[in-house]
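S.K.: One structure, as structure tokens, below. Some questions next.
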Amino acid sequence: MILCIGTMADQTFCHTVRALMSKNMKCDILDIGLLFLSGDIHLSFHDIDASFCINHLKYDFSNYKGMYARLVDISAQASSPALQKRASSFYQALRKFLSHIDIPVLNPPIGDQSNFTKLYHSVAIASANNWLMPRSCLTNNAETATAFIEKCNGVIYKGCSSVKTWARKLAPEDLERIELITKCPVLFQELVTGPDVRIHVVGEEAFAEKILSSSVDYRTIKGNQYESIDIPPIIKEGCLNLVKETATPFLGIDFKIEQNSNEWYFLEANNLPCYQGYDVRSGYKISSAITNWLKRNKYKRYGKDKNLSCVPA
Amino acid sequence: MVLILARKDDFTANMLKDHFKNLNIPCVLSNQMNKFQFGLTADCYGETWLSLQYGENTISSIINRGMATDEDTFNNSETTAAWWSVMASFKGPVINRPSRLGFLPFVESNVITKQLNYLQPARIVYSNTAAELAFEDDPLLTCNIHSAYNNKYLGHLVADSCLNDDEAYKFTGFNLDNTHSFLIAGDDHYCLSHPEGITSPEFEPVLTDIKTELQKYNANFYYLVLEDTEQGYCLTHTSPFPSYELYKHIADQVEHSLYKYLLS
């Protein structure tokens, strides 16, 4: 039995739960929204045990052999400061516990956090794997930005944190408001013209798809073309290493392929990838790999065997 | 110039700033990015160049005390992310340098415990209900309470502790008689229960091992609570956010250790 922890308001979480159940995997679902709103939590680190209770339904950790966790901090959406504090405290406790336990978790919430800060994230991962990355400049200084822009053959700009922003191609009129960056830093990157690639890695399996789009940021439009693509050995090796190094069994890793040189440029690795579209187009290969990973129980941590169920309190 | 990256109301950061000012060391305490000018560039091989200016002054070393804020705004996220990249890429010395593992080097005690084969702490429970039940069977244990929300120490668990079930707390049980607290400051360490901060020789090898582990996480201003039991050592608590109150009796030494590190 697997415990699935996430929120049913999250389409990716629902997609994964449906996929697990369609493959006859027995699952209990712990909705963190309900847990934070009206549940109880008891996590014991010394004997590695836990129980959660929502509306008289008790989830006993000792009954589960694996976990699918898509733990998102939803506290910012709370309707009151008190609820925000409660949701945040539950979230913090849960992420520590899920990173400590002795059963396989896909994905443990504590590990590489650097995706929050995009430039350092790109630099750290690209240089560790001998990958190329787009030339970049993070600044709140208009002169520095202008100097960087002048050196590049086309520039895109976007936010530097994990908060979703769209990448946009810098247009001449943008330079007229460049002084605004003194109030909020901006990440500029040299434009890499060519298709995007998303690689999903589950354990030791990698699934890649090429995305051809008329937009700089393919997420902003419909009508993109998607094709499967072979992954060059240096890229595949690095992706598999990244999963091992970060002890994060499931990653979505983004690249751009420069259309003239055919060189791959690393953009970012995401440990909470929204992968359902890629999964459907691949014939559910990614969710099958997730199911198989959870069945294999490979990543033992502290080593105790458990059984599971969801019983009324 | 030394940058102490901290909130204005961080008392410990303010005491550090006063110490540096008394020594005529240029120092600025701020986390307001718009008071600084910075540019961090990277080439396609991941090599980086950074400039960080406060007015006419170039920042030469940094003490990271975190960006803790309750504001959840876009600007706050972007600023935090920018400081993270800047400090992680900074070529000079940084106390508690951010890494891929976090903005502040939060190293859970159980992580070090596992690495060094120490005993698991006697009791660590996160709960929002009736946690005291977990401790009532062992009257020898003292139980500390921290907020799971912001990791703040809230006090000892007593019969009439005013806890409600509105949030989760961290309850840590330990035997007070066997427990010792230490502070890592730069390359030095201090025993906080000793009036002059001197560590007894029996703890030196343990602290050296723990310091080596913490260095992997760039953690060099760190509070540790160690329990010395008959069965072995047990790391009960760690924090990358030591408070001045913990070390005020040896503040000059601690502040000198931090400054010595910043000069290295």
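No value in this document is a laboratory result; all are computed from the given coordinates. Bear in mind the structure is a predicted one, so any value in this text is a computation, not a measurement. Cβ: placed from backbone, ideal geometry, glycine included. Neighbour counts: every protein chain shown.
S.K.: What do you get for the angle between helix A:142-151 and the principal long axis of chain A? Use alpha-carbon atoms, 0 to 90 degrees, nearest ten.
M.R.: 70 degrees
S.K.: With point charges of +1 on the Cβ of Lys and Arg and -1 on the Cβ of Asp and Glu, referenced to the Cα centre of the protein assembly as shown, which listed residue (A:Thr220, B:Ile63, A:Ala145) lies farthest in the positive direction of the dipole?
M.R.: The listed residue farthest towards the positive side: A:Thr220.
S.K.: While we're on this one: With each run of n ≥ 4 DSSP H residues scored as -39500 (n - 2.57), what mean residue ellipticity at 222 nm is computed for chain B after dividing by its residue count and rounding to the nearest 500 deg cm²/dmol?
M.R.: It lands at -7500 deg cm²/dmol.
S.K.: Still on this structure, please answer the following. So how strong a dipole does the protein assembly as shown carry about its Cα centre when Lys and Arg Cβ are +1 and Asp and Glu Cβ are -1, to the nearest 20 debye?
M.R.: Rounded to the nearest 20 debye, it is 1620 debye.
S.K.: A further question on this structure: May I ask you to derive the relative contact order of chain A, considering only C-alpha pairs under 8 Å and at least 6 residues apart, and to give it as an integer percent?
M.R.: Reported relative contact order: 22 percent.
S.K.: Enter the angle in degrees (range 0 to 90, nearest 10) between the Cα long axis of helix A:11-22 and the first principal axis of the Cα atoms of chain A, meaning the one along which they spread out most.
M.R.: 50 degrees
S.K.: Moving on to the next point. Could you work out the helix-only [θ] at 222 nm for chain A, with each DSSP H run of four or more residues adding -39,500 (n - 2.57) and the total divided by the number of residues, to the nearest 500 deg cm²/dmol?
M.R.: The per-residue figure over chain A is -8500 deg cm²/dmol.
S.K.: Also, I was wondering about something else. Any idea what the dipole of chain B comes to, in debye rounded to 20, about its Cα centre with Lys/Arg Cβ at +1 and Asp/Glu Cβ at -1?
M.R.: Result for chain B is approximately 1120 debye, rounded to the nearest 20.
S.K.: I would also like to ask the following. Lysines within cross-link reach of A:Lys222: Cα-Cα under 26 Å, excluding same-chain residues under 8 positions apart?
M.R.: A:Lys118, A:Lys158, A:Lys164, A:Lys169, A:Lys210, A:Lys256, A:Lys285
S.K.: Please compute the average number of Cβ atoms from other chains found within 10 Å of each residue's Cβ in peptide B:145-154.
M.R.: Across the residues of B:145-154, the mean count of other-chain Cβ atoms within 10 Å is 3.
S.K.: Moving to a separate point now. With bins 10 Å wide starting at 0, give me the P(r) of the protein assembly as shown over every alpha carbon pair, in whole percents.
M.R.: 3, 16, 25, 27, 19, 8, 1, 0
S.K.: Hey, another quick one. Points 7 angstrom from Cα along the Cβ direction at A:Glu263 and B:Asn57: gap in nanometres?
M.R.: About 4.1 nm, to one decimal.
S.K.: Let me ask you something else. Using +1 on the beta carbon of Lys and Arg, -1 on that of Asp and Glu, and nothing else charged, what's the dipole of the range A:117-233 about the Cα centre, debye to 20?
M.R.: 280 debye
S.K.: Calculate the all-directions average of the projected area of chain A's alpha-carbon convex hull, and give it in nm².
M.R.: Spelled out: convex hull of the Cα atoms, projected over all directions, averaged, 17.8 nm².
S.K.: Here's another thing I want to ask about it. Once both labels are modelled 7 Å past Cα along the beta-carbon direction, what's the B:His156-B:Glu202 spacing in nm?
M.R.: 2.2 nm
S.K.: Return the average number of partner chain Cβ atoms within 10 angstrom of each residue Cβ along peptide B:85-94.
M.R.: Across the residues of B:85-94, the mean count of other-chain Cβ atoms within 10 Å is 4.
S.K.: Right, here's the next one. Work from the charge dipole of the protein assembly as shown (Cβ charges, +1 for Lys and Arg, -1 for Asp and Glu, about the Cα centre) and give the residue of A:His46, A:Ile181, B:Cys44 farthest towards its positive end.
M.R.: B:Cys44
S.K.: Something else: Counting trypsin sites (Lys or Arg not before Pro) as exposed when in a DSSP loop with at most 15 other beta carbons within 10 Å, what is the longest stretch of chain A free of them?
M.R.: So the longest stretch without any such site is A:27-163.
S.K.: Per residue of B:44-53, count partner chain C-beta atoms within 10 Å of its C-beta, then hand back the mean as an integer.
M.R.: Per-residue shielding by partner chains comes out at 5.
S.K.: Amide H to amide H under 5 Å from A:Lys58: which residues, 5+ apart in sequence or cross-chain, H placed 1.01 Å off N in plane?
M.R.: A:Val311, A:Ala313
S.K.: Sorted by packing (mean other beta-carbon atoms within 10 Å per residue), highest first, where do B:51-57, B:230-236 land?
M.R.: B:230-236, B:51-57
S.K.: Using a cut-off of 12 Å between beta-carbons, work out the net charge of the residues near A:Val155 (Lys and Arg +1, Asp and Glu -1, A:Val155 not included).
M.R.: +2
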